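A.B. asks: The structure's right below; bear with me while I get my questions together.
The values are calculated or read from the model by the stated rules, or taken from the named source; none is laboratory data. As the structure is a prediction and not an experimental result, all values here were calculated from the model. Note that each Cβ is placed from the backbone with ideal geometry, even for glycine, and that neighbours are counted across all protein chains shown.
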Amino acid sequence: MSKMYLRIIFIFIFIAGAVGAHAAMAKTQIFDVTLVKPPSDNGKVSWHGYYEFEYWDKENANTTFDTHKITVWMGIKLNDMAYLSSEVEYEHTPKLGKEHAGGSGEINVDSAQLRITPTESTVVYMGVFYAPFGIEYLSYPGHKNKLVTRPKVMKSGGVIPGTWSDVGIGVNQSLGSFGHMDVFYVNGDAKNGGISRDSSSGGNESKSLGARLMLDGFVEGFNIGGSYVSGKWDEAGERDSVRYGAHIRIDSDIIFGVSYAPVLIAEYVTGKDQAASFIDGRDKEVYGYYAQASVSVHPKVEIVARYGQYDNDKEKNDNLKTETSAGVVWHMLDSVQLKGEYQWNTEEGAEKDNNAAAIQFVAYW
């Protein structure tokens, strides 16, 4: 029996054991850093955020403490139709100035957008925003992610750029009881991530056009949909980059009103970058997926398992990569979580010891 099937069996055993537990989960309202909720009064500044502190133990690497990030979101309602917000992320203990001894971090503006609501069912947004492709980025913040890590297929080096934030304009249109749809037009592309196509970092005068459909209005707790984005990735503006995605999320605890019922999330992504393969002259074909299940086993404890695999260049031999993760979340205090995760990683055609264990504290406000 192959290692991949052994890992799949492990996940099903892990989930089955969790579903068999009978306990109630404490329902806590957690601020969603990706969701804009205007305050009741004009001119009132709203601010929220979260903080991640971690300990890592990776095979063939130094064990380390890491202040992974502190993210601060701020927003203000300008009038009845306009809302302005921004999100700044400080990663890996940045130290400003010429000397960086003891820390080599980053400061990123992941969002800085103006939102205009011309009608009750339509929102126009412009500036810096997360490209609305798939649903993983909606639950990646530390206080919403059930594991310490994120699915590799949805991160840089996988198939979709991790936390793909770009400059452009978009429209969110409600579809009534069916759901809603985003259409967006941005500088960057899915191959290069947040590198603007018309910037000094490389690119061209082309833009990327994308759309995401979410059918989440039929049943509360059920979300199914698809995503698409296409643009030119090379400096000459001649070679296409395209991605297609499908997602599903089932919050069965909400659907069935049973607190210990599992939450299931899965996404599949595929695409092609013209003439970008490791093999000169060939198109780079990519694909990947992940599936995750989490369940409450105690009013303050959740367990979670995730399996994923991806190939970021099918023209390369032995290029398939897989990950299997198991973890636990302890809601130890109001607005404070403690998480643990162990991850098994494999790469086709390579004998690497790159499994990892991590512990993470998350605080949010």
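A.B. asks: Does Phe65 satisfy the condition of being loosely packed, with under 12 Cβ neighbours inside 10 Å, of a type in the set (Phe, Trp, Tyr) and at pLDDT 55 or above?
C.D. replies: So Phe65 fits the description; yes.
A.B. asks: Let me ask something else about it. Test Ala236 against the criterion of being buried (at least 16 other Cβ atoms within 10 Å of the Cβ) and either closer than 30 Å to Ala350 by Cα or at pLDDT below 95 (or both), and give yes or no.
C.D. replies: Taking the combined requirement at face value, the residue does not satisfy it.
A.B. asks: Let me ask something additional. What residue, of Gly168, Gly176, Gly158, Gly162, is touching a Pro at 6+ places or on another chain (Cβ under 9 Å) and small (Gly, Ala, Ser)?
C.D. replies: Testing whether each residue is touching a Pro at 6+ places or on another chain (Cβ under 9 Å) and small (Gly, Ala, Ser) leaves just Gly158.
A.B. asks: Still on this structure, please answer the following. In this structure, does Ile224 turn out to be modelled with pLDDT of 90 or more and either crowded, with 16+ Cβ neighbours inside 10 Å or touching an Asp or Glu at 6+ places or on another chain (Cβ under 8 Å) (or both)?
C.D. replies: So Ile224 passes the test.
A.B. asks: Shifting gears a bit: Can you find, within the stretch 259-315, the residue that is nearest to the chain's Cα centre (by Cα) among those that are assigned to a loop (DSSP other than H, G, I, E, B) and of a type in the set (Phe, Trp, Tyr)?
C.D. replies: Of everything passing the filter in the stretch 259-315, Tyr260 is nearest to the chain's Cα centre (by Cα).
A.B. asks: If Val258 passes every condition in (1) under 28 Å from Ile359 (Cα atoms); (2) surrounded by fewer than 19 Cβ atoms within 10 Å (Cβ to Cβ); (3) in contact with a helix residue (DSSP H, G or I) (Cβ under 8 Å, 6 or more places away or on another chain); (4) of a type in the set (A, V, I, L, M, F, W, C) but one, which one does it miss?
C.D. replies: (1)
A.B. asks: Is it fair to say Lys352 is part of a loop (DSSP other than H, G, I, E, B) and either more than 30 Å from Val242 (Cβ to Cβ) or at pLDDT 95 or above (or both)?
C.D. replies: For Lys352, the condition - part of a loop (DSSP other than H, G, I, E, B) and either more than 30 Å from Val242 (Cβ to Cβ) or at pLDDT 95 or above (or both) - is met.
A.B. asks: So, Ser325, is that one at positive phi, out of contact with any helix residue (DSSP H, G or I) (no Cβ under 7 Å at 6 or more places or on another chain) and either at pLDDT below 95 or not basic (Lys, Arg) (or both) or not?
C.D. replies: no
A.B. asks: Same structure, new question: Select from the stretch 320-337 the residues that are within 20 Å of the chain's Cα centre (by Cα), under 17 Å from Glu52 (Cβ atoms) and among the hydrophobic types (A, V, I, L, M, F, W, C) and write down the one among them that is surrounded by the most Cβ atoms within 10 Å (Cβ to Cβ).
C.D. replies: Only one residue fits best here, namely Val329.
A.B. asks: A further question on this structure: Is it true that Glu302 is modelled with pLDDT under 95 and not aromatic (Phe, Trp, Tyr)?
C.D. replies: Considered against the rule, which asks whether it is modelled with pLDDT under 95 and not aromatic (Phe, Trp, Tyr), Glu302 comes out as no.
Residues checked against (1) within 10 Å of the chain's Cα centre (by Cα); (2) farther than 23 Å from Ile224 by Cα:
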{"site": "Thr122", "(1), (2)": "no, no"}
{"site": "Ser139", "(1), (2)": "yes, no"}
{"site": "Gly142", "(1), (2)": "no, yes"}
{"site": "Met154", "(1), (2)": "yes, no"}
{"site": "Pro161", "(1), (2)": "yes, no"}
{"site": "Trp164", "(1), (2)": "yes, no"}
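A.B. asks: Now, a different point. I'd like the residue in the stretch 128-162 that is over 24 Å from Tyr364 (Cβ atoms) and not aliphatic (A, V, I, L, M) and, out of all such residues, is surrounded by the most Cβ atoms within 10 Å (Cβ to Cβ).
C.D. replies: Per the criteria, the residue is Phe133.
A.B. asks: For the stretch 47-90, enumerate the residues that are of a type in the set (Val, Ile, Thr) and in contact (Cβ under 8 Å) with a residue 60 or more places away in the chain.
C.D. replies: Thr71
A.B. asks: Could I ask something else about it? Collect the residues in the stretch 240-258 that are in contact with a strand residue (DSSP E or B) (Cβ under 6 Å, 6 or more places away or on another chain) and not aliphatic (A, V, I, L, M), keeping them in residue-number order.
C.D. replies: Residues satisfying the conditions are Ser241, Arg243, Tyr244, Gly245, His247, Arg249, Asp251.
A.B. asks: Next up: Scan the stretch 112-134 residue by residue and report those that are of a type in the set (Ser, Thr, Tyr) and part of a strand (DSSP E or B).
C.D. replies: Listed by number, the residues that qualify are Thr117, Thr119, Thr122, Tyr125, Tyr130.
A.B. asks: Determine which member of the set Asn312, Asn355, Asn345, Asn317 is surrounded by fewer than 16 Cβ atoms within 10 Å (Cβ to Cβ) and of a type in the set (S, T, N, Q).
C.D. replies: After applying the criteria, what remains is Asn317.
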